[in-house]
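Student: The structure under discussion is supplied below as structure tokens; questions concerning it will follow.
The values are calculated or read from the model by the stated rules, or taken from the named source; none is laboratory data. Being a predicted model, the structure only gives us computed values, none of them experimental. Ideal geometry is used to build each Cβ from the backbone, glycine not excepted, and the neighbour counts take in all protein chains shown.
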Amino acid sequence: MQSSHILIIGAGATGLIAAHILSKAGKKVTVLEARNRCGGRIHTLNYELFFKNAELGAEFVHGDLPVTLNLLREAGISYHSASGEMWHYKDGKFGQEGEFKDWDKVVSKLGELKADISIKDFLDKEFPGDEHKELRAAVIRFVSGYDTADPARASSFALREEWQNEDEGAQHRVEGGYGVMVKYLEDECKHAGAEIYLNSIVREIQWQPGKVKVVIDDGTKFEASQVLIALPLGVLQADKSETGAITFAPEIEEQNNAVRSMGFGSIIKVLLEFDEPFWEDKETEKLAGTSLKNMGFILSEEAIPTWWTQTPQHTPVLTGWLGGLPAFEKRDASPEEILQLSLQSISNIFKRSVDKLKAKLVAYDVANWTADPFTRGSYAYDTIEAATSRKLLNEPIDNTIFFSGEYLYEGPAMGTVEAALTSGIGVAEKMLN
Ligand SMILES: Cc1cc2nc3c(=O)[nH]c(=O)nc-3n(C[C@H](O)[C@H](O)[C@H](O)COP(=O)(O)OP(=O)(O)OC[C@H]3O[C@@H](n4cnc5c(N)ncnc54)[C@H](O)[C@@H]3O)c2cc1C
């Protein structure tokens, strides 16, 4: 039996920053991580020949987010603008204006809503019938694509808040990838004396006020006075028989119900590296009627609907994004099947045959986070009950069991690395008090 003051389960952004603060404050901290690496939903590739610093998980800093940017500054890590033009493709046409013109109507009607309902119910009620079919589909596509949420569960109030306060500000990418930030945190934790055990899948937490015993898959037990559960919501929601799922003894029924009432989206992210950025060439320019050299994003209605480049860098990498229920429905698809869907989608947009695209393909990677047992989805979205549940989970149980993670963040940058870091800092401060 190994003993410490604090056990942290999960070495993602939230667990690592909490470990960093607590170990620096003199606590004996042990981190237990299921995977053979730290970072969780941050996973930067660092192959030599292709996908240099490509991100399988988090990629952007969505605005001038204070906690993330402060941490990068503290670590001496630079970041660069991720600016690029926003394009969309529909019925053979490329366009640059907003995805659809009725957006203001939706936001304005949302402003009149008095009681919270799901966004699907809201659309069915306020924009019914055939005349609004396209509008409903466009909103649903956005909720699926950006929030990766189930529209039948996503809160209209939360989406209203998000859309009314949309940060049109700068987007950034971390120089060398988010993985550099993870490595900094990992090194800092170790320097401050924290121990990080990889390949340690936690199965059970036995507890009583002031004492916890944590059992991992090989039967090893760890003991401490407090435990921080820094796991993804998807893992906490998993059926107890599933890999990665955790049981509490005694059970914490109220917290389990809160966890189940919250929303966790679905995502499949695809990386394709070609021999050249063909979307910048003359053939594409002729097809689109204008140059797509500075294309950042292209949104479509294809099977893999959203694609982006690495602008302002002109690399031959395209990143595909399938979110929400369509990603959930494809969670058991093989990487080859997702690759085929990806190439077909690009073929439909850029009018190059799948065979030609295959011949140009240098490497591909499919990150199916929804099928991954140690994530089981993308990131949190607000359901109608989420605010109450978050409040409960942000309160420790008998000063012994604490929770942190992106899903427990209260601010505007929901579902982000910023959210995970902020939650981790908040809980570490609570534990020190
Ligand atoms: C595809 C994708 C793209 C994204 N893009 C962005 C983006 O561009 N910008 C942005 O800011 N955010 C983005 N996000 C969200 C961001 O990655 C997350 O919000 C953040 O990294 C979550 O950190 P966390 O520490 O809360 O959870 P995690 O990073 O998931 O960490 C939890 C850790 O717990 C471990 N674990 C799980 N089960 C067990 C177990 N039984 N025992 C021990 N350990 C276990 C996991 O392996 C993991 O390391 C993206 C997420 C995904 C999936």
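Student: Find the residue count for the stretch 388-433, including only residues that are away from the ligand (no atom under 12 Å from the Cβ), of a type in the set (Ser, Thr, Tyr) and part of a helix (DSSP H, G or I).
Tutor: Counting residues in the stretch 388-433 that are away from the ligand (no atom under 12 Å from the Cβ), of a type in the set (Ser, Thr, Tyr) and part of a helix (DSSP H, G or I) gives 2.
Student: Right, here's the next one. Can you spot a residue in the stretch 64-75 that is within 9 Å of the ligand (Cβ to nearest atom) and either more than 30 Å from Leu135 (Cβ to Cβ) or at pLDDT below 95 (or both)?
Tutor: Taking every residue of the stretch 64-75 in turn, at least one turns out to be within 9 Å of the ligand (Cβ to nearest atom) and either more than 30 Å from Leu135 (Cβ to Cβ) or at pLDDT below 95 (or both).
Student: Within the stretch 168-178, can one find any residue that is more than 27 Å from Pro412 (Cα to Cα) and more than 16 Å from the ligand (Cβ to nearest atom)?
Tutor: No, the stretch 168-178 contains no residue that is more than 27 Å from Pro412 (Cα to Cα) and more than 16 Å from the ligand (Cβ to nearest atom).
Table: residues versus (1) polar (S, T, N, Q); (2) touching a residue at least 12 places away in the same chain (Cβ under 8 Å); (3) not in a strand (DSSP E or B).
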position: Glu186; (1), (2), (3): no, yes, yes
position: Cys189; (1), (2), (3): no, yes, yes
position: Ile196; (1), (2), (3): no, yes, no
position: Ser200; (1), (2), (3): yes, yes, yes
position: Arg203; (1), (2), (3): no, yes, no
position: Trp207; (1), (2), (3): no, yes, no
position: Gly219; (1), (2), (3): no, no, yes
position: Glu223; (1), (2), (3): no, yes, no
position: Leu231; (1), (2), (3): no, yes, yes
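Student: Look through Lys52, Lys90 and report the one residue that is touching an Asp or Glu at 6+ places or on another chain (Cβ under 7 Å), farther than 15 Å from Gly169 by Cα and away from the ligand (no atom under 16 Å from the Cβ).
Tutor: None of the other options fit; the residue is Lys90.
Student: Mind counting the residues in the stretch 77-86 that are at pLDDT 95 or above and surrounded by 13 or more Cβ atoms within 10 Å (Cβ to Cβ)?
Tutor: Qualifying residue count, the stretch 77-86: 2.
Student: Okay, moving on. Which is at pLDDT below 95 and closer than 19 Å to Ile229 by Cα, of Glu418, Glu410, Glu395?
Tutor: None of the others qualify; the one that does is Glu410.
Student: Taking the conditions exactly as written (within 12 Å of the ligand (Cβ to nearest atom), loosely packed, with under 15 Cβ neighbours inside 10 Å and assigned to a loop (DSSP other than H, G, I, E, B)), does Asn36 satisfy them or not?
Tutor: yes
Student: While we're looking at this one, here's another question. Considering the stretch 4-31 alone, what residues qualify as being near the ligand (Cβ under 8 Å from one of its atoms) and in a loop (DSSP other than H, G, I, E, B)?
Tutor: Within the stretch 4-31, Gly10, Ala11, Gly12 qualify.
Student: So, one more: Looking only at the stretch 134-153, decide whether some residue is under 29 Å from Gly15 (Cβ atoms), touching a Ser or Thr at 6+ places or on another chain (Cβ under 8 Å), at pLDDT 95 or above and of a type in the set (A, V, I, L, M, F, W, C).
Tutor: No: zero hits.
Student: State the number of residues belonging to the stretch 390-415 that are in contact (Cβ under 8 Å) with a residue 60 or more places away in the chain, buried (at least 23 other Cβ atoms within 10 Å of the Cβ) and of a type in the set (Ser, Thr, Tyr).
Tutor: Looking only at that region, the number is 2.
Student: Would you confirm whether any residue within the stretch 298-311 is part of a helix (DSSP H, G or I) and closer than 22 Å to Phe51 by Cα? Can you show your working first?
Tutor: Filtering the stretch 298-311 down to residues part of a helix (DSSP H, G or I) leaves none.
No; the residues of the stretch 298-311 include none that is part of a helix (DSSP H, G or I) and closer than 22 Å to Phe51 by Cα.
Student: Right, something else. Restricting attention to the stretch 158-176, which residues are of a type in the set (A, V, I, L, M, F, W, C) and surrounded by 18 or more Cβ atoms within 10 Å (Cβ to Cβ)?
Tutor: Matches in the stretch 158-176: Ala158, Leu159, Val174.
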